Amino acid sequence: MEKNYLQHFLYPSSLFVSREPYVIKTILGSCVAVCLWDKKLKFGGVNHYMLPNWNGNDLASPKYGNIAIDKLLERMLGLGSNIKDIQAKIFGGGELLERGTGNSTLIGERNIRVARLMLEERNIQIIASSTGGRRGRKILFFSDTGEVRHKFLEKKVY
Amino acid sequence: MGNLTDRQLLKELKLRLEEKKKVEVEFTELSKDFQGVTKKLKESEALKSHFISNITNEIVNPFTSILGLSKAILSVEKNDWKKVVSMVALIHSEAFNLDYQLRNIFVAAKVEAGEIAPNITKVNIRSLVQTVIDSFSIISRKMGVEFDIQFNIDHGFGKNFYFKTDSEKLKLILSNLINNALKYSYKDSKVIVKVWLDDDELCASVQDFGTGISEKNQKIIFERFKRLDSGINSINRGHGLGLSITKSLLDVLGGNIEIDSQKGEGSTFTVSMPEAQNIVDGFSGDGNDIFFDDEDEIF
């Protein structure tokens, strides 16, 4: 069934939304992907961010959760979505690095927290999630049905 | 219920108090985070309006020159070729600058929109470096700056060395570094461009003998829209995006950038990047394989 879909591989720091049926693939370590899906118009999109909050110095890119989530939502609304019809699924945010290496740890957890906070603030329901843990993930997002296929990676990604 | 002993009551109250404290701590943390973000947004807003005035110069000035010069050419006596040639050279350098700056701005817009992705091909590094340097030849000649190219990779196919990477992004990275080196060089000096391999990583450095960057300023030059007003040759040129863009592009390629500079003695910028892989952990380069099976969890 995958054959009928256009494909998009989602790189870190990018996002993708389409009204055409796409299967969007990505690989997550401590990064988080938020999948938004419009249950009425039956389309959706995904982002893939690496760090929770923008540091104010780099380009304001979707490398950062607070920017990536707003941009994704903006894009959905731009394509005709009503915010009431949007549902969210969150994936990723594993801790792949060994603990105890300074305060750089817990990136995964902070990434997840940004997603939960921002979605709650905007009254977007999180209907499914698979976050945390110590392993990386591969996900496939079907933009027309909102279905996500999910698999843990055996070996560490980074 | 209702039959709590004093001790139980005390314990319960203590527990609740502790919980409340925990929530409070978390709350202060969050509000600190929030204040930080707000402050940064405000700063960035201010910088952005700065940027707009910079960019206006960057686009409007070359256009004005191009329009003026081409009009002048139209009214030149037909047999006065020398005059025409020099004006065409000026038009070319203005147009080059315009084209190059617009490329930067579009890339920045793409990065910020989350639409940047590596486009990997086998790239002839020697010819790419040469092309980039050649494109600055008119400007460097005008400034009397000479390029010293040190290509220190021997192996490969004949004299050519191929490396899997994104050629357009690499071009822009090098262009930005070379443009900066020229901008901060003194007249009649040189710019050294070195290329070499280090543990399979492609490295390139661009060294100038210009103003140099103080240690304090080395930390802020990567911030977007920030410009140090110490350019000798072009006091108010540039939009302050060059290095932020360079850094974002290197992010896409998995690379790094380092500065080595001392005030008054010039600067060396060194970039390094790994060769791109065809296979990203289970995805083939074109992403056309089906690797999911019945064991998938479905959400």
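Report the GluC sites (Glu not before Pro) located in the stretch B:90-119 that are in a DSSP loop and have at most 15 other Cβ atoms inside 10 Å of their Cβ, or state none. Present the calculation step by step, with values, prior to reporting the outcome.
Details: sites: B:GLU94, B:GLU112, B:GLU115; in loops: B:GLU115.
Answer by residue number: B:GLU115.
Once fully extended, how much extra length lies between B:THR121 and B:ASP260, figured as 0.36 nm per residue of separation less the alpha-carbon to alpha-carbon distance? Show your work: numbers first, answer last.
On the way: separation 139, 0.36 × 139 = 50.04 nm, distance 3.06 nm.
Difference between extended and current length: 47.0 nm.
Quick check: the angle from helix A:65-78's long axis to the longest principal axis of chain A, C-alpha only, nearest 10 degrees?
Its long axis makes an angle of about 0 degrees.
With each pseudo-label sitting 7 Å past Cα toward Cβ, what's the B:ALA89-B:LYS142 distance in nm, one decimal?
Between B:ALA89 and B:LYS142, the simple spin-label model gives 1.0 nm.
Provide the percentage of antiparallel DSSP beta bridges, counting only those with both residues in the stretch B:121-273; round to the nearest 5. Present the calculation step by step, with values, prior to reporting the outcome.
On the way: 25 of 31 bridges.
Of the beta bridges lying entirely in the stretch B:121-273, close to 80 percent run antiparallel.
Just the Kirkwood number for the protein assembly as shown, please: inverse of mean 1/r across all distinct Cα pairs, in Å, one decimal.
The answer is 25.1 Å.
Tell me the relative contact order for chain A as a rounded percent, counting alpha carbon contacts under 8 Å between residues six or more apart. Working shown, then result.
Values: 383 pairs, mean separation 44.3, N = 158.
This gives 28 percent for chain A.
Each value in this text was obtained by applying a stated rule to the coordinates, not by laboratory testing. Just so you know, these numbers come straight off a predicted model, no measurement behind them. Every residue, glycine among them, receives a Cβ derived from its backbone with ideal geometry; neighbour counts consider all protein chains shown.
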